[in-house]
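The values are calculated or read from the model by the stated rules, or taken from the named source; none is laboratory data. Since this is a predicted model, take the numbers as computed values, not measurements. Using ideal geometry, Cβ is built from the backbone for each residue, glycine included, and neighbour counts are taken over all protein chains shown. Surface accessibility is based on the protein's heavy atoms, side chains included, excluding ligands, DNA and RNA. Shrake-Rupley method; radii C 1.70, N 1.55, O 1.52, S 1.80 Å.
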Amino acid sequence: DNHGRIWNTHRNHRGWRLYLRGDAKNENVSPYASPSRQTEYSNLPPCYTFVGEGEPFYAETLQYVEDLRKAGVPAEVDVYPTNVHAFDMLYPEEAVSRQAISAFERHFQEAMATQ
């Protein structure tokens, strides 16, 4: 029940129905279509992500990171004070976006250095 300005619960449900098409009513949606359906996390690589505290993907993002951690996968998440999904792309000049972009780039560089 999220009322985000750009992407809210209503738009999220509609988007999933369009994306999944005939499988939208199927309880066994492939984890390749929806990573949150994944049940085995132990063989996944380390993860870094970020999310807005008021956006529709907030709860599922935190749950995904927690599931990775429970499986022993190193996982980090930063939470930013916004209700706009993809705020870093929609408003790249805002301070919160610059902070998120900088953190993402830093984590990416660290991951590349360990390859």
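Shown for region 1-85: the carbon plus sulfur share of the solvent-accessible area, taken with all protein chains present and a 1.4 angstrom probe, equals 49%.
Taking amide H as placed 1.01 Å from N in the peptide plane, the amide H of I6 sits under 5 Å from that of H85, each at least 5 places away or on another chain. Heavy atoms of the protein chains alone define the surface here; on that basis region 24-112 has 65 Å² accessible area per residue at 1.4 Å probe size. Using the Kirkwood radius built from alpha carbon pairs, what does the Stokes-Einstein equation give as D for region 11-63 at 37 °C and 0.692 mPa s, in µm² per second? Answer, rounded: 256 µm²/s. Spin-label model, A111 to T39: label points 7 Å out along the Cα-to-beta-carbon direction sit 2.6 nm apart. Scaled against 2.2 N^0.38 Å for its residue count N, the alpha carbon radius of gyration of the chain is 1.16.
Grab the other residues whose beta carbon is less than 13 angstrom from that of E76, score K and R as +1, D and E as -1, and report the net. After counting each charged neighbour, the total is -1. Computed over the chain, the per-residue total of -39500 (n - 2.57) for DSSP H runs of n ≥ 4 gives a 222 nm mean residue ellipticity of -13000 deg cm²/dmol, rounded to 500. Overall, the chain carries a charge dipole of about 440 debye about its Cα centre when +1 sits on the Cβ of Lys and Arg and -1 on the Cβ of Asp and Glu, all other atoms neutral.
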